[in-house]
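Participant: Sharing a structure below in structure tokens format, with a few things to ask.
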Amino acid sequence: MSRNPESISTTTPKTNEPITTTEALNAVMERFRSASFLAVDTEFMREKTYYPQLCLIQISDGDEAVCIDPLAKGLELGKLWELMRNKDIVKVFHAAHQDLEIFMNLMGDLPCPVYDTQIAAMVMGHGDQVGYDKLVKAVLDHDIDKTSRFTDWSKRPLSVRQIVYALDDVIFLAQLYPIIIDRLDKQGRVAWLADEFDRLASPDTYRTTPEDAWKRIKIRHMKPLAMLRLMHLAAWREREAQARNLPRNRIVRDETLIDLAGSNPETRSAFSKIRNFPGGTDGKLIDPVLKVLAKTATQSLDDVPVWDNGKRPKRPPVAIMELLRVLLKHVTDHHGIAPRLIASADDLEALALDDNASIRALDGWRRDIFGTPALKLKNGKTAIAIENKKIKLIDL
């Protein structure tokens, strides 16, 4: 089903101009309704906003490829959203998370069903988070010009070079998809992707709850009361960033939140000692921050995470961790899949400490190829040996 990219048409083959009218958009969406799948990509900007600013949408059914300009005045995207919700058409993305976040914000829900070729490539031996250009080269033996990747997609008019670059992202994606699903089907690995795609399809994946915003901040050990203040300050900043559609660090920087949580200023003059606080002692954010800190002072410490109470978490034996890492490398090399698809570093630590850890590596196909051998190795029922410069597992 691989196609020569030259054979794929566009709606405006002479100029490749983006779709800017509702009438033209609806006509294309009607043609795409009969597709079995659609390759989808977006171009966006988010350096100056909390929510990504959608600047371009590219779609291909494998025969026709179009760009849609969501910034065009008067363009109504209702028919596009209908197509994204059509459960009879697979929506194919590469590295889908940020694209899906955009659709979630604009549609209120997600395209369905979704297929991510980056995730699929992880079980095809292409490593962890392989780039689109590298996957196209590996599977289609085609080099993609990526020089337009970091251009300003919000400026109009878009250049021909930008449009060609944008269209390439779905033209070749539409060629990759049937090849990938065919290979995975022959390898019997289609089911290996189910839980990964379920996570992509969950709206919770893209919702940022202010109360969980503190988890994004890199924190060393903090005392319980300081940790509680940081949690409330991070939640306040998240709401401010959402309401004003500004990046979090444009409100208050992470290190400044940590400083506020630790020093707990109680007066306006005390803010002179807070590093990089916006506006210093004249800052407009002083009053809301003081309110957050005052409210926090009345809160219970019961909700502070245990691992931040100054108690060092239990560490697994180093030798067991090293053996599990070797085993994971052996298993993933043998099966040609990315290690991250099986277990993270935290998963390995949990497994080293607990045979019944609640981790993916002990469920389903992951347990079959790694979890069970790992438990046998950990409990002295399997040994690791070297034979002809290769790792070999020996049952004891």
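The values are calculated or read from the model by the stated rules, or taken from the named source; none is laboratory data. Nothing here was measured: the structure is a model prediction, and the numbers come from that model. Cβ sites come from the backbone with ideal geometry, for glycine too, and all protein chains shown count toward neighbours.
Participant: Could you run through the stretch 150-199 and say how many residues are outside any helix (DSSP H, G or I), surrounded by fewer than 14 Cβ atoms within 10 Å (Cβ to Cβ) and at negative phi?
Facilitator: Number satisfying all stated conditions: 6.
Participant: While we're here: Among (1) surrounded by fewer than 14 Cβ atoms within 10 Å (Cβ to Cβ); (2) part of a helix (DSSP H, G or I), there is one condition residue 276 misses while meeting the rest; what is its number?
Facilitator: Among (1) surrounded by fewer than 14 Cβ atoms within 10 Å (Cβ to Cβ); (2) part of a helix (DSSP H, G or I), the lone unmet condition for residue 276 is (2).
Participant: Here's another thing I want to ask about it. Considering 74, 78, 62, which residue is on the phi > 0 side of the Ramachandran plot, of a type outside the set (Asp, Glu) and surrounded by fewer than 17 Cβ atoms within 10 Å (Cβ to Cβ)?
Facilitator: None of the others qualify; the one that does is 74.
Participant: Of the residues 241, 261, 270, which is among the hydrophobic types (A, V, I, L, M, F, W, C) and closer than 28 Å to residue 45 by Cα?
Facilitator: The match here is 241.
Participant: Does the stretch 275-310 hold any residues that are more than 33 Å from the chain's Cα centre (by Cα) and closer than 16 Å to residue 237 by Cβ, and which are they?
Facilitator: Answer for the stretch 275-310, where residues must be more than 33 Å from the chain's Cα centre (by Cα) and closer than 16 Å to residue 237 by Cβ: 279, 283, 284, 286, 287, 290, 291, 295.
Participant: May I ask you to list the residues in the stretch 85-114 that are within 18 Å of residue 52 (Cβ to Cβ) and outside any helix (DSSP H, G or I)?
Facilitator: 91, 93, 94, 95, 96, 108, 109, 110, 111, 114
Yes/no matrix, rows are residues, columns are (1) within 20 Å of residue 175 (Cβ to Cβ); (2) surrounded by 17 or more Cβ atoms within 10 Å (Cβ to Cβ):
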| site | (1), (2) |
| --- | --- |
| 109 | no, no |
| 112 | no, no |
| 115 | yes, yes |
| 120 | yes, yes |
| 125 | yes, no |
| 133 | yes, yes |
| 139 | yes, yes |
| 147 | no, no |
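Participant: Hey, another quick one. What are the pairs with Cβ atoms under 6 angstrom where one residue, in the stretch 206-217, is touching a residue at least 60 places away in the same chain (Cβ under 8 Å) and the other, located anywhere, is part of a helix (DSSP H, G or I)? Sequence gap at least six, or different chains.
Facilitator: That search, which allows pairs on different chains as well, returns 206/101; 206/104.
Participant: If residue 147 meets every condition in (1) modelled with pLDDT of 90 or more; (2) outside any helix (DSSP H, G or I); (3) of a type in the set (S, T, N, Q) apart from one, which number is that one?
Facilitator: (1)
Participant: With the condition kept exactly as written, say whether any residue in the stretch 361-372 is out of contact with any Phe, Trp or Tyr (no Cβ under 6 Å at 6 or more places or on another chain), assigned to a strand (DSSP E or B) and either outside the structural domain of residue 117 (by TED's automatic domain parsing) or not acidic (Asp, Glu) (or both).
Facilitator: Checked against the condition, which is being out of contact with any Phe, Trp or Tyr (no Cβ under 6 Å at 6 or more places or on another chain), assigned to a strand (DSSP E or B) and either outside the structural domain of residue 117 (by TED's automatic domain parsing) or not acidic (Asp, Glu) (or both), the stretch 361-372 yields no hits at all.
Participant: Report, by residue number, each residue of the stretch 375-396 that is closer than 15 Å to residue 329 by Cα and part of a loop (DSSP other than H, G, I, E, B).
Facilitator: If the condition is that a residue be closer than 15 Å to residue 329 by Cα and part of a loop (DSSP other than H, G, I, E, B), then 389 is the only one that fits.
Participant: Continuing with this model, one more query. For the stretch 342-359, give me the residue count where each residue is buried (at least 19 other Cβ atoms within 10 Å of the Cβ), in a helix (DSSP H, G or I) and either touching a strand residue (DSSP E or B) at 6+ places or on another chain (Cβ under 8 Å) or not acidic (Asp, Glu) (or both).
Facilitator: Within the stretch 342-359, residues that are buried (at least 19 other Cβ atoms within 10 Å of the Cβ), in a helix (DSSP H, G or I) and either touching a strand residue (DSSP E or B) at 6+ places or on another chain (Cβ under 8 Å) or not acidic (Asp, Glu) (or both) number 3.
Participant: Another question about this same structure. Hey, does the stretch 23-45 have a residue that's closer than 29 Å to residue 242 by Cα, modelled with pLDDT of 95 or more and part of a loop (DSSP other than H, G, I, E, B)?
Facilitator: No, the conditions are met nowhere in the stretch 23-45.
Participant: Same structure again: Any residue in the stretch 275-289 that is free of Cβ contacts under 8 Å to residues at least 12 places away in the same chain sitting within a Cβ distance under 7 Å of a residue that is assigned to a helix (DSSP H, G or I) and among the aromatic types (Phe, Trp, Tyr)? List the pairs, counting only those 6 or more apart or interchain.
Facilitator: Note: pairs meeting the criteria are 280/271.
Participant: Of the residues that make up the stretch 126-147, is at least one aromatic (Phe, Trp, Tyr), without any contact (Cβ under 8 Å) to a residue 60 or more places away in the chain and closer than 24 Å to residue 20 by Cβ?
Facilitator: No, the stretch 126-147 has no match at all.
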